1. Would you work out the Kirkwood radius for segment 64-176? I mean one over the mean of 1/r across all pairs of different Cα atoms, in Å.
2. With just the Cα atoms defining each centre, how far is segment 165-197 from segment 94-127? Give it in Å.
3. Treat each spin label as a single point 7 Å out from the Cα along the C-beta direction, and report the Asn121 to His181 distance in nm.
4. Within a Cβ distance under 11 Å of Arg152, other residues only, what is the Lys/Arg minus Asp/Glu net charge?
5. Determine the sum of side-chain charges near Leu173: Lys and Arg each +1, Asp and Glu each -1, restricted to other residues whose C-beta is under 15 angstrom from that of Leu173.
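Nothing in this text is a laboratory measurement; each read-out follows from the coordinates by a stated rule. All of these numbers come straight from a predicted model, not from anything done at the bench. As a convention, Cβ positions derive from the backbone with ideal geometry for all residues, glycine included, and neighbour counts pool all protein chains shown.
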Amino acid sequence: MVRIQPLIIGMTVATLSGFAQSSARARRLPDGGKITVQVDPTSHPQSLIQLIRISNLIIDGAVTGALPAVNGSPNGRTPTIETDSVVTVNSVLKGTVPKNSPSILIEQVGGTWNQWQVTVNGDPMVAAGERYILFLQLDNRPGQASSTGMPRYCVAGVWSGKAKVTNGEVAFLPRAAAQLHTYDGSDVNTFLQVLSQTISHPYTDADTQLPIQPPVKH
């Protein structure tokens with residue numbers, strides 16, 4: 001669901017991918033280091049309606065912790081690190097959580113594994129104690145079933161689908177589309193009301209091109 005290109009700190013590495021593609025130059029690479037990678041999402045939602053439409057699940061959730069990072073390319077010269085974070089579901093705005101699970105996993109490229117530390121440009125790792133309105137897609141890659149029993153999701157549009165809630169106000173990550181940033185600084189309850197109304201609206205394909213009136217900021 002994403003293509004990743006590295007922005008390397010202190011070493012040279014070829015294309016990496018958190019979704020089953022990886023390669024590296026033939027030269028031997030260090031057994032550890034810090035890598036910042038550039039992600040190319042397969043979806044680039046430009047509006048709230050587009051973000052809603054590509055999302056299987058939309059929740060208001062709180063991050064409670066993370067599982068140990070894993071290396072998706074154990075036989076490669078460079079690691080493809082992914083980290084699953086545990087999110088408690090406060091409320092479901094679109095879709096259903098399998099088996100009404102009170103918590104889900106969200107997958108992110110990046111994390112710390114052995115001596116490697118991988119970060120994604122524009123998509124910082126979520127952290128325990130943070131609250132987000134999350135726009136999610138089911139992670140249905142083969143062999144990705146979670147041993148915890150919690151359903152696993154990835155974030156729609158990578159950085160587009162995380163609206164962070166801080167001190168009662170909403171803010172999308174910096175690399176999200178300009179239209180999504182019209183909601184930055186909105187009261188979270190007002191944003192949730194607008195979001196619910198937009199989800200329930202019987203929109204058509206033509207509606208994806210229409211501007212959606214952002215909530216009033218305080």
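1. 14.9
2. Spelled out, the Cα-based centre of one part sits 20 Å from the other.
3. 1.7
4. It works out to a net charge of -3.
5. 0
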